[in-house]
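The values are calculated or read from the model by the stated rules, or taken from the named source; none is laboratory data. What you see is a predicted model; the values in this text were computed from it and never measured. Cβ coordinates were reconstructed from backbone atoms using ideal geometry, including for glycine residues, and neighbour counts include every protein chain displayed.
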Amino acid sequence: MTFTRIAILPLLLVTTACSGYNDKTDKSAEIALNKWADAIATRNTDNVLKLYDEDAVLLATFAKKPITTQEARKVYFDNLLKKKDLKVTIDELHTDREGDIALANGLYTFSYKDKGKTVKVPARFSFVFEEESNGWEIEAHHSSVQPK
């Protein structure tokens, strides 16, 4: 990802968010997001990591600091994917696409088993995908627990 793109992404996110977008005709972001959710369901860290650009920034639901390296993403997802019966359900989705950049924002719920009980963690998310020759890569991913 070039410096120009890094500088433009926050502006694109703000502009798009303020415009009340919801492009129902282009499914690129939805397809890329579903691919991520499917990778989480495999509970295989390598399946998840290959979706992230090498320089992607992950502001993860269950991490205190930004995750900016593949090594740190591996540690994060290794731990997350250990949760029994972990899955992600997409509850609300808003998408947009501008050229080779696609955005997915909304709400999802993580669920897993802990001591025999189902734990549900509602969260909000933002993904920035960039179209590369090998498909869509995650350039930025923010996820945080939904406020009560």
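Overview of results
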read-out: Filtered residues of segment 92-135 (kept if in contact with a Ser or Thr (Cβ under 6 Å, 6 or more places away or on another chain) and acidic (Asp, Glu)); value: ASP96
read-out: Considering residues of segment 31-40 that are in contact (Cβ under 8 Å) with a residue 60 or more places away in the chain and under 11 Å from the mean Cα position of the chain (by Cα) only, the residue surrounded by the most Cβ atoms within 10 Å (Cβ to Cβ); value: LEU33
read-out: Within segment 103-148, tally of residues that are in contact (Cβ under 8 Å) with a residue 12 or more places away in the chain and assigned to a loop (DSSP other than H, G, I, E, B); value: 1
read-out: Residue that is among the basic types (Lys, Arg), closer than 20 Å to ASP26 by Cα and surrounded by 13 or more Cβ atoms within 10 Å (Cβ to Cβ), where the choices are ARG124, ARG97, ARG43; value: ARG97
read-out: Where a residue in segment 82-98 is closer than 21 Å to THR45 by Cβ and its partner, wherever it lies, is in a strand (DSSP E or B) and among the basic types (Lys, Arg), with Cβ under 7 Å and at least six apart; value: LYS84/LYS113; ASP85/LYS113
read-out: Members of segment 1-30 found to be surrounded by 13 or more Cβ atoms within 10 Å (Cβ to Cβ), modelled with pLDDT of 55 or more and not in a helix (DSSP H, G or I), listed by number; value: ASP26, LYS27
